[in-house]
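As C-alpha cells, the structure follows; a few thoughts come after it.
The values are calculated or read from the model by the stated rules, or taken from the named source; none is laboratory data. Bear in mind that the values here come from a model prediction, so they are computed numbers and not experimental data. When we count neighbours, we look across all protein chains shown, and the Cβ atoms used for this are built from the backbone with ideal geometry, even at glycine.
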C-alpha cells in the first residue's frame, strides 16, 4: 500500500481528484486491514479445530499410546507448544464409554445376559427419545432430567470460507444432571 502511495505521488493531482484518490486509498487500507483480521480469525478457528481433532484422537483407543508419546516428547524437551497443551488437556479428559461397553458393564452389574441388557438399553433410549419428541420431560430422581432443548435461528459463519450463513432453528435432546460429583 505504501508503494502505491509513493508511485501516485510521482504524478501530482490537484483538488477534488486528489481527495477522491486519497479516500479510495483509505478505503482500500481499511478493507485490507479487515481482510487480514478475518484471515487471522479463520486461521485461529482452524487451529482450534485441529486441536479438537487431536483431542478426539487421544480419546480413541490409541489415546494412551499417544499420551505416552507426548509425555516422552515433553520430558525430552522436543514437544511443541501445541503438543504441550494437548498433553495437559489429555490428563483432564474423561474416559469415553461406547454403547456396547455400557451394555457390557450393566450386564455384569445386573447379572443378566448381554443380549437382554442390550434390549433394555435400546428400549430406554428409544422411549426417552420418543417421549421427549412429544414434549415430555423425563425426570429420574437422583440421576437427572431429559427434556427438549430449542435453539433459535441465528447467523453463523462458514469456517472454511468465512461466509456468513443462516443457521435454522433446531431442537435437540438435553440432559441436566441432578447428581453432584
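Quick look at the numbers
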{"read-out": "Meets criteria (surrounded by 12 or more Cβ atoms within 10 Å (Cβ to Cβ) and under 23 Å from residue 99 (Cα atoms)) for residue 121", "value": "yes"}
{"read-out": "Residue match in the range 115-131 (condition: modelled with pLDDT of 90 or more, at negative phi and within 26 Å of the chain's Cα centre (by Cα))", "value": "yes"}
{"read-out": "Condition met for residue 132 (in contact (Cβ under 8 Å) with a residue 40 or more places away in the chain, surrounded by 12 or more Cβ atoms within 10 Å (Cβ to Cβ) and in a helix (DSSP H, G or I))", "value": "yes"}
{"read-out": "Helices (runs of 4 or more DSSP H) completely within the range 52-111 that count 2 or more residues being within 24 Å of residue 122 (Cβ to Cβ) and modelled with pLDDT of 75 or more", "value": "99-110"}
{"read-out": "Residue 162, sole failed condition from (1) out of contact with any strand residue (DSSP E or B) (no Cβ under 8 Å at 6 or more places or on another chain); (2) more than 30 Å from residue 35 (Cα to Cα); (3) surrounded by 13 or more Cβ atoms within 10 Å (Cβ to Cβ)", "value": "(2)"}
{"read-out": "Residue within the range 111-127 that is within 21 Å of residue 173 (Cα to Cα) and touching a strand residue (DSSP E or B) at 6+ places or on another chain (Cβ under 9 Å) present", "value": "yes"}
{"read-out": "Residue 36 modelled with pLDDT of 75 or more and not in a helix (DSSP H, G or I)", "value": "no"}
